[in-house]
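Novice: Here it is: the structure, laid out below.
The values are calculated or read from the model by the stated rules, or taken from the named source; none is laboratory data. Since the model is a prediction, treat every value here as computed from it, not as a measurement. Quick reminder, even Gly has a Cβ in these numbers, built from the backbone with ideal geometry, and neighbours come from all protein chains shown.
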Ligand SMILES: C[S@@+](CC[C@H](N)C(=O)[O-])C[C@H]1O[C@@H](n2cnc3c(N)ncnc32)[C@H](O)[C@@H]1O
């Protein structure tokens, strides 16, 4: 399959721009080439966002091919539905509000299992970060929210203002890999109540040397966002369920943006567990639900990073669902 540099083309030949103000889909050509095994198939974009990857998939599929999008953010669903109105009206695209941690249940209700492929493009969209009132950005003043689904669940305000010093410290270590977690947790407790992202950013700045401010802010905001959205737990649930919803020979593509995500994706797609331990049958054959297509994660080329700095940290892993019957030695014929 060939593509020109930034745009794709609809099946009728009309060009379509995938990067929009809402979000620029990272590594979209690799997604199209690596995820589609049947152009007439059903593909799930479980992190729909602004619908950039979904648009690229729809354009690359045959007219009978379909994309089902999932997002927990109602704003993302509205943006993607609007953008993909023609595909929706043609019955090729549907958008569902939900958590990809409930993948199996969501797809079961749609009656589409088994599907041909699942995409997980993790984290938050540029739009979510750009909207100050969503509270994801340490560069803007906004409420301490950080919920991907603003209609439900724990907020960053609750974490920052109600968690104990020890809980905060553990969260910063675990989800931000932040070595100054004790000082930062202590500073947060001392500064309470903290009402806005800008106030939290000031507290963090005051707790670390100036040269490390930006990296620390990024790590602490990441840690709180991961806690608020249960991101790693939901990722594990989605990966485990993908095994039951993708047909043998179908594929999964996971784009991660930091090592906590990538480690989980790597271990699961390589070994079928999150401990990263090979499991073998009586004959010594590796039992794993997936066959990696690329052992090393794919990274964005320099020109993509230049156009979209967010692509710098992206790592893409693609794997193919094995046929369970392939495990073990061939059955001897009588
Ligand atoms: C990086 S953006 C995806 C952008 C999309 N690929 C595009 O081209 O516009 C990640 C999206 O996944 C959504 N998301 C993250 N975790 C989710 C979860 N557990 N369930 C459903 N959606 C989730 C976020 O709300 C966000 O819109």
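Novice: Name every residue in the range 242-273 that is without any contact (Cβ under 8 Å) to a residue 40 or more places away in the chain, more than 26 Å from residue 310 (Cβ to Cβ) and touching a helix residue (DSSP H, G or I) at 6+ places or on another chain (Cβ under 9 Å), in order of residue number.
Specialist: Selection gives 272, 273.
Novice: Determine if the range 315-332 includes at least one residue that is within 30 Å of residue 144 (Cα to Cα) and in contact (Cβ under 8 Å) with a residue 60 or more places away in the chain.
Specialist: yes
Novice: Got at least one residue in the range 137-153 being modelled with pLDDT of 95 or more, assigned to a loop (DSSP other than H, G, I, E, B), within 16 Å of the ligand (Cβ to nearest atom) and on the phi > 0 side of the Ramachandran plot?
Specialist: For the range 137-153, residues modelled with pLDDT of 95 or more, assigned to a loop (DSSP other than H, G, I, E, B), within 16 Å of the ligand (Cβ to nearest atom) and on the phi > 0 side of the Ramachandran plot: present.
Novice: Pick from 132, 109: which is surrounded by fewer than 17 Cβ atoms within 10 Å (Cβ to Cβ) and not assigned by TED's automatic domain parsing to the domain that holds residue 30?
Specialist: 132
Novice: Still on this structure: Against the definition (in contact with a helix residue (DSSP H, G or I) (Cβ under 9 Å, 6 or more places away or on another chain), farther than 30 Å from residue 217 by Cβ, assigned to a helix (DSSP H, G or I) and within 12 Å of the ligand (Cβ to nearest atom)), how does residue 107 come out, yes or no?
Specialist: So residue 107 fails the test.
Novice: Also, quick follow-up: Of the conditions (1) surrounded by 21 or more Cβ atoms within 10 Å (Cβ to Cβ); (2) farther than 30 Å from residue 37 by Cβ; (3) more than 14 Å from the ligand (Cβ to nearest atom), residue 116 satisfies every one except a single condition; which number is it?
Specialist: Going through the list (1) surrounded by 21 or more Cβ atoms within 10 Å (Cβ to Cβ); (2) farther than 30 Å from residue 37 by Cβ; (3) more than 14 Å from the ligand (Cβ to nearest atom), residue 116 breaks only (2).
For (1) assigned to a helix (DSSP H, G or I); (2) farther than 23 Å from residue 292 by Cβ; (3) more than 13 Å from the ligand (Cβ to nearest atom); (4) out of contact with any strand residue (DSSP E or B) (no Cβ under 7 Å at 6 or more places or on another chain), each residue gets a yes or a no:
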residue	(1), (2), (3), (4)
20	no, yes, no, yes
31	yes, no, no, no
47	no, no, no, no
54	yes, yes, no, no
62	no, yes, yes, yes
69	no, yes, no, no
80	yes, yes, no, no
86	yes, yes, yes, yes
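Novice: Mind checking which residues of the range 206-218 are crowded, with 17+ Cβ neighbours inside 10 Å and in a helix (DSSP H, G or I)?
Specialist: From the range 206-218, those crowded, with 17+ Cβ neighbours inside 10 Å are 207-208, 216-217; that's our starting set.
Within the range 206-218, 207, 216, 217 meet the criteria.
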